[in-house]
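Participant: Here it is, the structure, as structure tokens.
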Amino acid sequence: EAQVTQNPRYLITVTGKKLTVTCSQNMNHEYMSWYRQDPGLGLRQIYYSMNVEVTDKGDVPEGYKVSRKEKRNFPLILESPSPNQTSLYFCASSLDGVRAGTEAFFGQGTRLTVV
Amino acid sequence: TQLLEQSPQFLSIQEGENLTVYCNSSSVFSSLQWYRQEPGEGPVLLVTVVTGGEVKKLKRLTFQFGDARKDSSLHITAAQPGDTGLYLCAGRPNSGGSNYKLTFGKGTLLTVNP
């Protein structure tokens, strides 16, 4: 089954404790991205990756890091989480990031709470 | 500044009613997509429109892309409780260098009461 898998689904952590949210896709997609979803603000892109070893900032990259060492995996790293990073996070992948109408496939989300 | 403005933000209707959700922008888009998101899940693609003036139908849902490719609408006929969810429009602006990012509107939260 074609899917994007995020882990964990839920995470409560303390300020300053480094964490990683994993994302894996089995569709051989080139393009992957991370979004955060907040009430009243909608989905905002954090980082994206056009292919292996190619990443770039989205709209709200501060406080986050990503890596793309393999095509299927795109982990999101919070080196020193703060309470304002409490949010619902989604990983998405698509065949590419350029062609009109390319469908984005989303993971089920990770609800992160930083206390 | 929000690139894609959706309206209304919230909509609560009775089963059997019709409704229309709008997605507007001052920018031209190479394509617009509509996604539906249910609680606890990620958004799922409903439709993609790529040609100005295009109309697509998906059962009771009708999607339209504006002639100038700056806006889109989603019309639901005879809404059912199963249509409840967050409806998101998304698009890639038609300007060079911005094609990588899929931009989302803030969404319309639809509740259909039985």
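Read-outs throughout are calculated quantities, based only on the coordinates presented, and are distinct from any laboratory measurement. None of these values were measured; they are calculated from a predicted model. Because the Cβ atoms are built from the backbone with ideal geometry, glycine has one as well, and the counts that use them run over all protein chains shown.
Participant: So, in the stretch A:81-115, exactly how many residues are of a type in the set (V, I, T) and within 18 Å of A:Y64 (Cβ to Cβ)?
Facilitator: Within the stretch A:81-115, the first condition is being of a type in the set (V, I, T), and the residues that meet it are A:86, A:98, A:102, A:110, A:113-115.
So of that shortlist, the ones also within 18 Å of A:Y64 (Cβ to Cβ) come out as A:86, A:110, A:113-114.
Here the count works out to 4.
Participant: On to the next question. Do any strands (runs of 3 or more DSSP E) lying entirely in the stretch B:5-114 carry at least 3 residues that are within 29 Å of A:D56 (Cα to Cα), and which ones are they?
Facilitator: Numbers: elements: B:5-7, B:10-14, B:19-24, B:29-37, B:44-49, B:55-58, B:61-65, B:71-76, B:85-93, B:108-113.
In the stretch B:5-114, the matching strands (runs of 3 or more DSSP E) lie at B:29-37, B:44-49, B:85-93.
Participant: A further question follows. All but one of (1) more than 21 Å from A:V114 (Cα to Cα); (2) under 10 Å from the mean Cα position of the chain (by Cα) hold for A:I77, so report the exception by its number.
Facilitator: Condition (1) is where A:I77 drops out.
Participant: Continuing with the same structure: Taking only the stretch B:26-43 into account, find how many residues are closer than 18 Å to A:T5 by Cβ and facing another protein chain (nearest Cβ under 7 Å).
Facilitator: Going through the stretch B:26-43 one residue at a time, the tally reaches 3.
Participant: A follow-up question, please. Within the stretch A:34-49, restricting attention to residues that are among the polar types (S, T, N, Q) and farther than 14 Å from B:Y87 by Cα, which residue is farthest from the other protein chains (Cβ to nearest Cβ)?
Facilitator: At the first step, the residues of the stretch A:34-49 found to be among the polar types (S, T, N, Q) are A:37, A:45, A:49.
Subset that is farther than 14 Å from B:Y87 by Cα: A:45, A:49.
Details: A:Q45: 6, A:S49: 10 Å.
Here the residue is A:S49.
Participant: Return the residue satisfying two criteria in turn: it lies in the stretch A:80-115 and is under 10 Å from the mean Cα position of the chain (by Cα) and under 13 Å from A:S49 (Cα atoms), and of such residues it is farthest from the other protein chains (Cβ to nearest Cβ).
Facilitator: Among those that are under 10 Å from the mean Cα position of the chain (by Cα) and under 13 Å from A:S49 (Cα atoms), it is A:S93.
Participant: Of everything in the stretch A:31-45, what is touching a residue at least 40 places away in the same chain (Cβ under 8 Å) and buried (at least 17 other Cβ atoms within 10 Å of the Cβ)? Give them in sequence order. Walk me through it before giving the result.
Facilitator: Kept after step one, since they are touching a residue at least 40 places away in the same chain (Cβ under 8 Å), are these residues of the stretch A:31-45: A:31-38, A:43.
A:Y31, A:M32, A:S33, A:W34, A:Y35, A:R36, A:Q37, A:L43, listed by residue number.
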